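Rule-based calculations on the coordinates, nothing more; no lab input. Since the model is a prediction, treat every value here as computed from it, not as a measurement. Cβ sites come from the backbone with ideal geometry, for glycine too, and all protein chains shown count toward neighbours.
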Amino acid sequence: MVQWLGELSFLPALAYASVRFVPLTLLSLAIGYFHERAARADSRVVFELPLKRGQTRNEVVGNLLWHLMWMPAFALVVSNGVLRFGEGIWLDLATFFLCVYSFQMFYWLMHRAMHWRPLFFMHKWHHDSLVTTPLTGFSIHPLEGIGWIACFVGPAAFVSLFTEVGAWGYLMFVIVGWSGNIVGHANAEFMPSISSTHWGSRLFGNPVSYHCLHHARFDRHYGFATSWMDAIFRTQWPDWIAVAKRVRGGAPLTKLRERVKTSEAAGA
């Protein structure tokens with residue numbers, strides 16, 4: 001049923017990537033901006049601050065460059081048999097969770113490395129957005145885009161050296177990561193309260209404000225969608241839970257470096 005995906009030549013694979021990911025991006029942007037608008041109505045935005053001048057233009061350019069990189073890369077990977085696809089519910093489930101948690105680990109390492117001064121030039125584009133928007137997610141330098149491609153493809157490609165990966169599980173992993181990156185950069189706290197607990201953030205996902213703090217304060221919170229790598233390496237801000245609760249309660253932050261008083265300490 002899924003063998004056709006692995007049998008596509010480059011141009012059909014490129015067409016498939018175009019019809020799959022461009023609409024996904026547009027839909028994810030619509031969802032992200034919907035959450036921002038809804039949050040603004042009851043003051044659940046994370047930062048009550050204006051965007052930098054020219055930010056939207058830079059983000060649009062970054063997104064266009066990312067799409068022009070990802071779609072040919074995906075087509076090359078698929079058409080050259082880098083991924084060996086199989087099918088079956090257990091294979092798909094195993095592929096999905098393996099890719100999700102491998103991505104979390106590889107992305108944390110890549111992200112942390114890009115905050116090292118000699119490498120920061122490739123991450124600076126993304127950090128020009130101090131107050132984030134859904135367009136911030138893929139507003140990235142082309143060299144950082146290569147890292148994202150490696151994170152999306154690498155774990156499944158490694159497994160494919162030894163056995164097949166579930167096609168639907170892999171595609172679902174990419175779709176969830178892709179859409180989550182866009183929607184998760186909205187300047188709005190819409191995640192459930194379980195995400196604002198230590199164990200909930202490690203298993204199910206961070207509050208949106210968790211990553212917003214990374215953009216505003218520059219360091220710590222290097223995790224993509226869960227906090228387990230940050231918990232291991234102790235790269236969390238102590239007040240992140242208090243920030244999430246405050247924002248969810250309708251009191252946005254009004255300064256980029258603003259701290260929220262709390263007696264809670266982030267950690268294992």
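Sorted fewest first by neighbouring Cβ atoms within 10 angstrom, ASP92, ASP42 come out as ASP42, ASP92.
With the helix formula -39500 (n - 2.57) applied to DSSP H stretches of n ≥ 4, the chain reaches a computed 222 nm mean residue ellipticity of -19000 deg cm²/dmol. Once the Cβ-Cβ distance of ASN80 and PHE204 is raised to the sixth power relative to R0 = 41 Å, the FRET efficiency obtained is 0.70.
The fraction of all Cα pairs in the range 118-179 landing in successive 10 Å bins from 0 to the largest distance is 19, 40, 27, 13, 1, given as whole percents. When +1 charges are put on Lys and Arg Cβ atoms and -1 charges on Asp and Glu Cβ atoms, the dipole computed for the range 1-114 relative to its Cα centre reaches about 440 debye. For the chain, the number of Lys pairs separated by eight or more positions or lying on different chains, with C-alpha atoms closer than 24 Å, is 5. Taking the Cα atoms only, what angle lies between the long axis of helix 55-79 and the longest principal axis of the chain, rounded to 10 degrees? For 55-79 against the chain, the angle is about 30 degrees. Farthest towards the positive end of the charge dipole of the range 3-193, among the residues TRP4, SER139, GLY86, is the Cα of SER139, using unit charges on the Cβ of Lys, Arg, Asp and Glu.
For the chain, find the longest principal axis of its Cα atoms and tell me its angle to the long axis of helix 167-183, 0 to 90°, nearest 10. It is inclined by approximately 30 degrees.
When +1 charges are put on Lys and Arg Cβ atoms and -1 charges on Asp and Glu Cβ atoms, the dipole computed for the range 84-186 relative to its Cα centre reaches about 340 debye. Computed about its Cα centre, the charge dipole of the range 3-193 is approximately 540 debye, with only Lys, Arg, Asp and Glu carrying charge at their Cβ.
Here the Gaussian network model covers the chain, with springs between Cα atoms less than 10 Å apart; of VAL208, VAL60, VAL153, VAL60 fluctuates the most.
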